[in-house]
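A short worksheet on the structure shown next.
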Amino acid sequence: MTIEEQSTSEQVAQLAGVSRATVSRVLNGSSKVSEETRKRIYAAIATLGYGSNIFTKAVPHGRSRLIALAMFGGEGGFNFSQLTMTQCHFYLELLRFIEQAVAEAGYDLFLPTRPYSTFDAGVDPALNYVLSLQARGVEGVITVALGVDDPRTQGLCGSSMPAVFIDNLFQGRHATYVKSDYKGGAIQATEHLLQLGHRRIAFFPGSLFSITGTERFMGYQQAMASAGLSVDQRLVCQSGWETQDAYQAALALLAERRDFTAIVANSDMMAFGILRALEERNMRVPEDVSVIGFDDIDRSQYSDPPLSTICQDKQAIGQGAVERLLQLMRGEESVSPLVVPTKLTARASTSTPRNLH
């Protein structure tokens, strides 16, 4: 064992409260160590920023030039088959700017296909995720729309791995976040309709169990309250984020009532599903119902009619995330989060209500 390996082993042993011999036995796969002790040792390795292969490292720590990307997904993490999901469209456009900024900084973007590679069956997925990144020499992580209960989120929040969270509010010594001003954007969307004369405005939040859905719903409520209007909960139509989900929710709403003159959709892709449902039920846009989306993806200007929407500055979000990650990777402390302003893009899908024409 080299002097460097001895020093590393001593640090792990000291933090875990065990002997160097116990650390060696765990790393060599010995079964003569208790489950609790094994977990403490792996947690110490993650906390100190070493990979689980600390004595056989092929890539020197901090020299890989790799930045990992962690995207929303199921239990096994993100996979390429999910790119067909309509809710991915905004993030695909965002990734273009992230990739560009990472390349300009001299790094490569890495998407782990086995995010929970198991170093020890007794170690939980959150810790295994961090250990797998460290073993590959990853220097930092950018996450995109991970859930609070996602093992990758939990692992990063409890480790020293530099991380920037897009669309999640995590802030600490080794982490910060970047997001759009979702509440402000929803206020802009709702006020646009109110200024046109609409009063019965339906809202499609997508999901109220995410920061994007929750903050936009708060913005919608605030704009309605500022106009002296109460929110009719029967016009709050919850669904998933997929175009098909919004389409089905809009059909259900139209089957129940038609006493609304405008709709705020929490994404452009949801708005496209709503537009289809309105067309199938012989409702004209914007003559009968105005529709406004959120995101301003490239397709929104080519819908029929062209979609009014709230523009998220994808370039500012992507570049801001990379800039902050580089700061964290340099060891800078108190890296501030970034909240990017939105702006209204008014197109042909919104106009004054028919009775005010």
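Any read-out appearing in this document is the output of simple, stated calculations on the displayed coordinates, not a laboratory observation. Source: prediction; values computed, not measured. When we count neighbours, we look across all protein chains shown, and the Cβ atoms used for this are built from the backbone with ideal geometry, even at glycine.
Using alpha-carbon pairs under 8 Å, 6+ residues apart, how would you state the relative contact order of the range 101-204 in percent? Walk me through the numbers on the way to the answer.
Numbers: 106 pairs, mean separation 16.5, N = 104.
Computed over the range 101-204, the figure is 16 percent.
Pairs of lysines in the chain whose Cα atoms sit within less than 23 Å of one another amount to 6, provided the residues are eight or more positions apart or on different chains.
Mind pulling the angle between the C-alpha long axis of helix 268-280 and the longest principal axis of the chain? Nearest 10 degrees, somewhere in 0 to 90. That works out to roughly 30 degrees. Most tightly packed first, judged by the mean number of other beta-carbon atoms within 10 Å of their residues, the peptides 333-339, 269-275, 226-232 read 269-275, 333-339, 226-232. From the coordinates of this entry, Rg/Rh (Cα atoms, Kirkwood Rh) is computed, and it appears in (1) 1.17; (2) 1.05; (3) 1.09 under the label (3). Between the Cα long axis of helix 3-16 and the first principal axis of the chain there is an angle of about 60°, rounded to the nearest 10.
The Rg/Rh ratio of the range 130-232, with both radii computed over alpha carbons and Rh defined as the Kirkwood radius, is 1.16. For the chain, the relative contact order is 17 percent, taking Cα pairs closer than 8 Å that sit 6 or more residues apart in sequence and dividing their mean separation by the residue count. Against the chain, whose longest principal axis is taken from its Cα atoms, helix 125-135 shows a tilt of about 60°.
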